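Coordinate-derived values only; no laboratory data. Not measured: the values here are computed from a predicted model. For neighbour counting, all protein chains shown are included, and Cβ atoms are generated from backbone atoms with ideal geometry for every residue, glycine included.
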Amino acid sequence: MEKLLAVFSNSYLFCAVFGGTLLVVMFVLTLMGLGHDADVDASGADVGADADVCDGDCEVHEGGLGALSFLSLKGIVAFITFYGLCGICFKMNTWGGWFISVGCGLVMMFVTAAVVAFVCKLQHSGNIKPESLKGCSGSVYLSIPGAGKSGGRVTVSLPANTVEVEAVADEALATGTPVVVQEYLGNNVYKVVRKA
């Protein structure tokens with residue numbers, strides 16, 4: 001048992017340096033926009049990597065932890081780093097010191113997962129479902145020839161922004177005419193009618 005404790009005690013410095021170096025490298029890569037991360041589900045299978053703001057940490061698994069992903073690269077690196085740092089700080093060559101180090105690593109793994117989950121909640125893709133424009137008001141940006149012919153464009157007003165889309169109409173509509181989106185025809189084309 002004492003030999004095992006000595007191995008743990010000698011691992012503190014290595015974990016602190018190795019984990020800290022990885023943490024710095026990941027931070028720099030994230031600032032450069034090159035940060036990638038992968039999630040691991042309960043079975044240990046890789047469920048994919050992502051290059052967006054959340055770096056794959058926001059994957060929601062069936063029956064899993066929801067938005068909190070503890071077993072991500074960021075969480076594991078945080079555990080290793082703080083396990084080593086706390087082991088060095090407490091300089092206790094006892095089992096109590098080892099348990100404190102493991103506890104600190106687990107706390108930082110939880111904090112990392114919570115911060116990533118919070119950041120993921122702030123993320124917004126900005127994508128608009130085509131069907132959601134039905135009934136929205138707008139105005140003709142490029143005149144619409146009428147008779148269902150393509151070539152016209154309208155600017156549709158949404159609560160948070162405006163969107164420019166291709167539009168067709170039964171009647172010819174000049175630029176600036178107020179319209180209402182009647183239906184989505186597919187291929188990013190919308191049918192509009194003159195606003196009453």
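Compared with the direct C-alpha span, the chain from residue 13 to residue 189 gains 57.2 nm at full extension, assuming 0.36 nm per residue. Beyond 18 Å, what share of the Cα-Cα pairs of the stretch 130-194 remains, rounded to the nearest whole percent? Considering the stretch 130-194, 20 percent of its Cα-Cα pairs are separated by more than 18 Å. In this rough spin-label picture, where each label sits 7 Å from Cα along the Cβ direction, the residue 172-residue 143 distance is 0.6 nm. Distance between the 7 Å Cα→Cβ label points at residue 157 and residue 94: 7.2 nm. The label-point distance for residue 31 and residue 180, in a model that sets each label 7 Å from Cα toward Cβ, rounds to 5.3 nm.
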